[in-house]
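**Q** I am attaching a structure below and will ask some questions about it afterwards.
The values are calculated or read from the model by the stated rules, or taken from the named source; none is laboratory data. Quick caveat: nothing in here was measured; it's all calculated off a predicted structure. Cβ placement follows ideal geometry from the backbone for every residue including glycine, while neighbour counts extend to all protein chains displayed.
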C-alpha cells in the first residue's frame, strides 16, 4: 500500500486537537469536470447530500423495518424461515454482484463520461448474467439439497431472474457521481415504496413467504423502469479491454471480500438450520432484519461522501477530517439505536410482534451491541476504494470469516442461538481490529480506541438511568412503563450528545444551510 500523502501546503491533521488548515473549495469542483456540475463547495454539497440522503434513507429504512414487523404478524416463523434461507442462499450471493463496478465508475475521471458509463454498464450486465446462470445451473439446486427444503426452488428462481432486471438501475450511478442526490434517491425510492405496498397486500391475502418475493420483484422492476426512462446517457453496449483490466484490478479484492461474507453467512445458516431447525433460522432472519436498519444508515453516510472522497483522494488531511467528522455524526444515532435494541428488545417482542418470538430476545440483545460497535469507523472502505486500494477490505472480511468458522460454528453447535449471537459478535470484533489497523496506517496517529470511547460516552448515562429505574420497578412490566423508559432514554442521550458534540453539530448545520461557522477539530 502506498504511503499517504497530502497536497502541497496542506498540513496533516493535528491529532492533539488543532484545526485543519484546509480550503473550503476543494479540488474537483470545476463545472467542466463532470463530477460536480455547476461548482460549489464539496463540503456544502456533501453536508446537504447527507441531509437529503438521511431523509430518504430514514424513511425507506423505517418502511422496511415496518414491513418486517407487519409481515411477522401475518407470517409464521416457518414462513419467515423459508424467506430467510432464500435471502441467505440467493440474496447474499448478490454481494458477489457488488464487485465495485459502480464504485469504479464513480472513481474514474475519463474525458468521455457517456462512454465511461456505457463501458461500466456493459461489464455490469455481463457479470450479472454470469452470476444468474451460475445460480440457475448450480447454486439453487445445491441449496435445495443442503437445506432439504423443496419450497426454495420457485422463489429462488424468481429472485435470481430479478437480478438481471436490477442491472437497468445503472443510470443511478450517473446521478451519484454528480452528487445529485435528490434525483438519485427519488428514483431509488420507487423500489421500497412499491415493494412495501405489494408485500403487505400479499401478506394480508395469506400469500406466506411469497409476500416477500412478490414485493421484491415488483420493487426492482418499477425502479429499473424509472431509472431507464430518466437516464442522462444512452444505454448501449461498449467494450474496452483496457477498461476491463482496470475494473478487474479494482474489483477482485471486493469480490473476495464479498465471497468471504457470503461463505460466513451461508455456513452459519446451514449449520443453524441443520442443528436447530427452520424456526431458529427464522429467528436469525428477524434479528438481521431489525439490525439491518443500522446498515442502511451506514450506506447513507458512506454513499453520500464517496463521490467527494474520490475528488480529494490524494489529500490525506481532507480525508482524515471527513472520516472523523462523518463517523462521529453517524455514531450519534447508531450507538443509541444499537444499544437501545439491546435494552428494549424484550419489550419489542412482548408488546409488539408477539411472544412466539421470545427465542429471538437473546440474539437481538447481542446483535444490538454488536451493531453499535460495528459503526466505529464503519465508512473506512470508502476511503480505500477512493484511493484504489481495495486489498485491505478483502483482508478484513477474510479475517472475520476465519474467526467465525473457528469460534462461531462451535458455539452454535454447543449453545444454539445464543452461541450464534456470540459468534457474530466475536467476528465483528476481529473485523473491527483489522479495520483499526489499516485506518491507523492511513491516518498516522489516529486514536481508534479514543474515537470509540467518545462515540459511546453520550449513551452511557441514558443506559444507567434506564437500568436504575428497572431495578426500582415494583414488578409487572407494562407498555406504558416501557414507552416512558424509552422516552427517557432518548431524552438523556440527546442531551448528553448535545453537551459533548454541540460544536460539530453547529458546524454541520452551517454547511447544510450555507451559514458561516467555525470548523471544529477533527
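The rows are residues; the columns are (1) in the same structural domain as residue 124 (by TED's automatic domain parsing); (2) in contact with a strand residue (DSSP E or B) (Cβ under 8 Å, 6 or more places away or on another chain); (3) farther than 20 Å from residue 125 by Cβ; (4) modelled with pLDDT under 75.
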| position | (1), (2), (3), (4) |
| --- | --- |
| 242 | yes, no, no, no |
| 248 | yes, no, no, no |
| 253 | yes, no, yes, no |
| 258 | yes, no, no, no |
| 262 | yes, no, yes, yes |
| 270 | yes, no, yes, no |
| 275 | yes, no, yes, no |
| 278 | yes, no, yes, yes |
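**Q** Only residues that are modelled with pLDDT under 75 and either within 23 Å of residue 232 (Cβ to Cβ) or touching a strand residue (DSSP E or B) at 6+ places or on another chain (Cβ under 9 Å) (or both): list them for the stretch 99-129, please.
**A** Scanning the stretch 99-129 gives a single hit, 100.
**Q** Please work out which residue is surrounded by the most Cβ atoms within 10 Å (Cβ to Cβ), limiting yourself to the stretch 354-371 and to residues that are touching a residue at least 60 places away in the same chain (Cβ under 8 Å) and not in a helix (DSSP H, G or I).
**A** 359
**Q** Given the residues 132, 94, which is the only one that is under 30 Å from residue 308 (Cα atoms), in contact with a helix residue (DSSP H, G or I) (Cβ under 9 Å, 6 or more places away or on another chain), part of a helix (DSSP H, G or I) and at pLDDT below 85?
**A** Going through 132, 94 in turn, the sole match is 94.
**Q** Those residues that are touching a residue at least 12 places away in the same chain (Cβ under 8 Å) and not in a helix (DSSP H, G or I), I need them from the stretch 207-218; list them, please.
**A** The answer is 208, 209.
**Q** Which residues, counting only those in the stretch 373-395, are within 16 Å of the chain's Cα centre (by Cα) and in a helix (DSSP H, G or I)?
**A** Within the stretch 373-395, 373, 374, 380, 381, 382, 383, 385, 393 meet the criteria.
**Q** Looking at the stretch 406-416, is at least one residue in contact (Cβ under 8 Å) with a residue 12 or more places away in the chain, crowded, with 22+ Cβ neighbours inside 10 Å, in the same structural domain as residue 343 (by TED's automatic domain parsing) and in a helix (DSSP H, G or I)?
**A** The answer is yes; a qualifying residue exists.
**Q** If you scan the stretch 372-402, which residues turn out to be free of Cβ contacts under 8 Å to residues at least 40 places away in the same chain and closer than 19 Å to residue 247 by Cβ?
**A** none
**Q** Further question: Restricting attention to the stretch 452-465, and to residues there that are surrounded by fewer than 20 Cβ atoms within 10 Å (Cβ to Cβ) and in contact with a helix residue (DSSP H, G or I) (Cβ under 7 Å, 6 or more places away or on another chain), which single residue is nearest to residue 257 (Cα to Cα)?
**A** 456
**Q** Could you tell me whether residue 510 is in a helix (DSSP H, G or I), modelled with pLDDT under 85 and more than 26 Å from the chain's Cα centre (by Cα)?
**A** yes
**Q** Mind checking whether some residue in the stretch 238-248 is surrounded by 19 or more Cβ atoms within 10 Å (Cβ to Cβ), within 25 Å of the chain's Cα centre (by Cα), touching a residue at least 12 places away in the same chain (Cβ under 8 Å) and under 25 Å from residue 385 (Cβ atoms)?
**A** yes
**Q** Take residue 157 and tell me if it is more than 21 Å from the chain's Cα centre (by Cα), modelled with pLDDT under 80 and assigned to a helix (DSSP H, G or I).
**A** In short, no.
**Q** Looking at residue 428, is it assigned to a helix (DSSP H, G or I) and under 26 Å from the mean Cα position of the chain (by Cα)?
**A** For residue 428, the condition - assigned to a helix (DSSP H, G or I) and under 26 Å from the mean Cα position of the chain (by Cα) - is met.
**Q** Then there is this: Residue 170 is checked against (1) in contact (Cβ under 8 Å) with a residue 24 or more places away in the chain; (2) farther than 12 Å from residue 226 by Cα and fails just one. What number does that condition carry?
**A** It is condition (2) that residue 170 fails.
**Q** Continuing with the same structure: So which of 102, 195, 81 ends up being part of a helix (DSSP H, G or I) and more than 30 Å from residue 356 (Cα to Cα)?
**A** Just one listed residue meets the conditions, 102.
**Q** Considering only the stretch 109-126, state which residues are crowded, with 18+ Cβ neighbours inside 10 Å and either without any contact (Cβ under 8 Å) to a residue 60 or more places away in the chain or over 26 Å from the mean Cα position of the chain (by Cα) (or both).
**A** Across the stretch 109-126, the qualifying residues are 113, 116, 118, 119, 124.
**Q** List every residue pair whose Cβ atoms lie under 8 Å apart, where the two residues are 6 or more positions apart in sequence or sit on different chains, the first residue falls within the stretch 465-477 and is without any contact (Cβ under 8 Å) to a residue 60 or more places away in the chain, and the second residue, located anywhere, is surrounded by 10 or more Cβ atoms within 10 Å (Cβ to Cβ) and part of a helix (DSSP H, G or I).
**A** Filtered contacts from the stretch 465-477: 465/488; 465/489; 465/492; 469/485; 469/488; 470/485; 473/481.
**Q** Turning to a different aspect of this structure: Suppose the filter is at negative phi and in contact (Cβ under 8 Å) with a residue 60 or more places away in the chain; does residue 149 pass it?
**A** yes
**Q** While we're looking at this one, here's another question. Out of curiosity, is residue 34 buried (at least 17 other Cβ atoms within 10 Å of the Cβ), touching a helix residue (DSSP H, G or I) at 6+ places or on another chain (Cβ under 9 Å), at pLDDT below 75 and not assigned by TED's automatic domain parsing to the domain that holds residue 188?
**A** yes
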